[in-house]
Amino acid sequence: MKSIGNGLNLMIKVFLLALLLMGTLTHATEIKSEGMIYTLEQLLLAQKEQNKRLTGIIKSNRSLPKTLVGSKNVRLDHLFMRNILLYSDPKYLDLIGKNECMFYSMLETNILRTAEGPITNVLVTFQNNFKKWQTTIISKKDFLSEIYKNKCQSNVEYRKKFSRRRIVKSVMELNFQVPKSESECSEILSHWQKNPYTPYLCNIPETIRWGKKIELMLKENKTSSAQKSRFKNIVKIKNQLQTGLKFSKRTYLNNLCNNIQSEKSFCSLYLHDDIWGKVIKEDAPAYLMKYNCNRYYKNNDDPLTMLGSCRRKMSSSPEICSYSIDKELSSLYPRSRCDLGSSALNASHLITNYQDCPGKMDSEAITNTYRILRHFYKIDDSPLDKGCDEKPLFSFAQLNLDFAYKQAWPLEICFDDRISEKKTCIAYAPGKLEGSKLSEPVVVASILKKLVSAPPNLKCKLVPQNKFSSKLLEFKIGCHIIFDEKHCTSLNCPKEIRYNNRVVKGIEYRGMPVFDYFDNSYSRGKYSIAAILEEVKKIKPTILKNLTEINYYLGLGKDAIIHGVGCVENILPSFFEKRSINQCTPMPFILDGAIKDGKNTMLVLRAPIDDVHHPRLINWKDIFTAVSSYRNIHPNKQWALYGIKK
């Protein structure tokens with residue numbers, strides 16, 4: 001099928017070429033009794049002939065002929081034109097026939113290409129002093145300079161407007177109208193197809209795309225020394241465009257230029273009411289989509305530019321959201337479908353501009369609490385592949401320590417202080433988090449300074465056991481905290497501390513936290529997570545006992561969310577089967593939206609074992625049953641469902 005498709009594309013190009021040579025750009029070539037439709041064999045032979053001619057001409061004509069300067073009879077060679085049409089991106093070919101000046105701006109901006117890639121020199125035919133036609137090769141710059149002396153002078157102004165120095169400002173000043181109806185969308189696309197700015201604008205996504213390829217080539221050292229300087233400059237331009245232009249502008253241009261020939265594809269991005277379309281129109285925050293798209297476009301360092309194609313992928317194959325695998329960000333699997341996820345996100349309140357990884361956490365309570373903290377308070381973001389387990393753990397530890405109740409966070413590292421002659425213990429959180437005093441390497445380093453008189457600038461490193469070797473020079477000096485990944489969890493991970501390649505004795509890890517999400521007894525009620533959130537973060541709870549109260553509460557504003565505890569067997573029965581009548585495994589959860597579905601009401605569920613970017617829709621009846629079942633086994637018969645706001 002692929003070869004047939006390529007053949008059709010080729011025939012379309014040939015047909016366009018014939019129309020082009022006979023129509024709008026007849027000035028650009030001279031045809032000698034050639035048929036309108038060429039066979040593939042003829043085209044290939046013609047291409048070989050052109051390459052042969054090019055080689056000879058380059059050797060014999062290295063400067064701009066004097067007879068060409070100022071000449072009005074300058075034409076692009078017809079074989080060179082054929083080369084352009086055979087190797088340029090098909091989606092741009094329709095623009096060639098719009099007008100002559102559009103063609104020259106496409107040539108200038110490298111939208112048009114030949115078999116050799118970007119065009120730097122052009123093959124032209126011109127009349128010499130003897131009124132005879134002569135063919136030569138000149139630089140594209142010289143050719144356009146001659147053309148612009150007699151026609152298309154506006155292109156010179158467009159070139160200045162979209163120069164490297166002015167391009168970001170010029171683009172940001174343009175109005176990129178988002179369509180709200182099919183007729184309006186058709187008008188908008190037609191406007192851009194005729195707009196003289198379009199080749200300069202479409203050069204932006206092309207430059208970004210090309211810059212990324214070059215950047216990869218430079219990293220892999222696949223370029224010659226002669227290419228490096230020019231390639232590095234292209235990468236700089238790519239970076240300038242990515243950082244200087246807003247996400248919405250880049251997304252719009254990506255969709256426009258990828259679908260400049262297809263009204264249906266261009267409009268489909270804007271005329272659907274799913275959450276993905278809202279993100280692209282900037283009616284919803286980009287993070288609702290970018291983390292998912294990053295999963296599908298792992299090699300793309302700027303997933304925001306891929307939102308258009310990502311949306312089409314999720315719309316045409318909604319199961320991709322369920323079954324795409326990311327080993328680093330483990331969660332309950334399969335996830336919800338893209339279409340169901342879109343419906344849930346459309347109604348959701350929870351702020352999720354981060355990535356967590358529930359599968360790496362020992363406690364669902366920590367994940368749930370972290371999501372609540374992120375909803376109400378800004379926490380510095382970490383890269384997608386770093387900090388997804390450390391951030392929740394450290395934030396939870398700090399919350400408990402701010403409450404100034406030692407038993408709330410009992411994890412500590414102890415040693416015999418020679419100065420005070422007492423056992424001294426320092427609170428810590430397992431793992432490493434830059435800038436945190438709770439970071440395990442920071443705490444261990446502070447202890448070694450007192451225990452073995454280590455230097456004040458000592459820094460400790462966490463090292464997996466399978467990467468450690470006492471024979472290697474890098475481990476002979478300094479502080480190393482060795483651990484076995486196979487026997488570690490987020491809260492329990494035995495360590496061996498080595499300083500200058502010797503095991504340090506006298507350091508003891510203590511504590512194992514036990515968390516009550518809501519109060520489980522009258523004596524410990526004030527130390528539950530819910531109570532600490534209210535005391536430390538001033539997050540006010542409101543008990544909710546029925547669907548009417550839930551709908552009213554969620555209608556109070558976007559910051560209003562609900563948290564509770566229920567039996568997981570009732571919440572997610574397809575994953576957790578109930579094997580006895582009273583079986584109940586308590587699980588905290590968040591509800592952050594509601595959708596009326598006929599006679600039923602579906603709630604947006606954020607389970608702490610689910611990916612935070614993949615909410616599920618759950619019937620209110622199932623939530624009611626889950627909370628009721630949990631109440632039946634609770635020592636205080638507590639109804640564990642509360643609305644929370646700051």
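The values are calculated or read from the model by the stated rules, or taken from the named source; none is laboratory data. Computed from a predicted model, the values in this text were never measured in an experiment. Because the Cβ atoms are built from the backbone with ideal geometry, glycine has one as well, and the counts that use them run over all protein chains shown. Note: accessible area is taken over every heavy atom of the protein model, side chains too, but ligands, DNA and RNA are not part of it. Shrake-Rupley method; radii C 1.70, N 1.55, O 1.52, S 1.80 Å.
Things worth noting here:
- Label-point separation, Lys449 to Lys637 (7 Å along Cα→Cβ), nm: 5.6 nm
- Under 15 Å, Cβ to Cβ, from Ser420 - net charge with Lys/Arg +1 and Asp/Glu -1: +2
- Close amide H partners of Ile561, meaning residues 5 or more places away or on another chain with modelled amide H under 5 Å apart, are Ile644.
- Accessible area, probe 1.4 Å, largest first, for residues Ile581, Ile351, Ile550: Ile581, Ile351, Ile550
- Overall form of region 134-237 per C-alpha gyration tensor (a/c, 1.5; a/b vs b/c): oblate
- Surface accessible to a 1.4 Å probe, Ser265 within the full protein complex, Å²: 40 Å²
- Solvent-accessible surface (1.4 Å probe) assigned to Tyr323 amounts to roughly 130 Å².
- Ranked by the mean number of other Cβ atoms within 10 Å per residue, highest first, peptides 242-248, 640-646 order as 640-646, 242-248.
- Backbone phi angles across region 424-429, fed through the Karplus curve with coefficients 6.51, -1.76 and 1.60 (θ = phi - 60°), yield HN-Hα couplings of 10, 10, 10, 5, 8, 10 Hz in residue order; Gly and Pro are listed as x.
- Largest first, the residues Lys180, Lys149 sort by 1.4 Å accessible area into Lys180, Lys149.
- Peptide packing: for 508-516, 225-233, 441-449, the average count of neighbouring Cβ atoms within 10 Å per residue gives the ranking 441-449, 508-516, 225-233, highest mean first.
- Put simply, the amide H of Ser88, placed in the peptide plane, has neighbours under 5 Å in Arg113, leaving out anything fewer than 5 places away on its chain.
- Nitroxide proxy distance, nm - points 7 Å out along Cα→Cβ at Glu474 and Thr243: 2.9 nm
- Calculated FRET efficiency for the pair Ser186/Lys141, C-beta based, R₀ 25 Å, to 0.05: 0.10
- Per residue, the accessible area of region 523-646 comes to 45 Å², computed with a 1.4 Å probe over protein heavy atoms only.
- Accessible surface of region 469-508, 1.4 Å probe, proportion on carbon and sulfur as whole %: 52 percent
- Computed 3J(HN,Hα) for region 93-110, one whole-Hz value per residue from the Karplus formula 6.51 cos²θ - 1.76 cosθ + 1.60 where θ = phi - 60°, is 5, 4, 5, 4, x, 5, 6, 4, 5, 4, 4, 5, 5, 5, 5, 5, 8, 6, glycine and proline marked x.
- Placing pseudo-labels 7 Å out from each Cα toward the beta carbon at Gln193 and Arg418 gives an inter-label distance of 8.3 nm.
- Overall, the accessible surface of region 564-606 at a probe of 1.4 angstrom is composed of carbon and sulfur to the extent of 51 percent.
- Note, ³J(HN,Hα) from phi for region 339-352, Karplus 6.51, -1.76, 1.60, rounded to Hz, x at Gly and Pro: 5, 5, x, 4, 4, 5, 5, 4, 9, 7, 10, 4, 7, 9
- For region 82-155, the set of chymotrypsin sites (Phe, Trp or Tyr not before Pro) satisfying both a DSSP loop assignment and a count of at most 16 other C-beta atoms within 10 Å is given as Phe130.
- Computed E for Ser324/Gln127 - FRET, C-beta separation, R0 41 angstrom, nearest 0.05: 0.10
- Rounded percent of accessible protein surface that carbon and sulfur make up, region 126-177, 1.4 Å probe: 48 percent
- R0 of 51 Å, Cβ-Cβ distance Asn73-Lys228: FRET efficiency to nearest 0.05: 0.80
- Ser453 accessible area, 1.4 Å probe, all protein chains in place, Å² to nearest 10: 90 Å²
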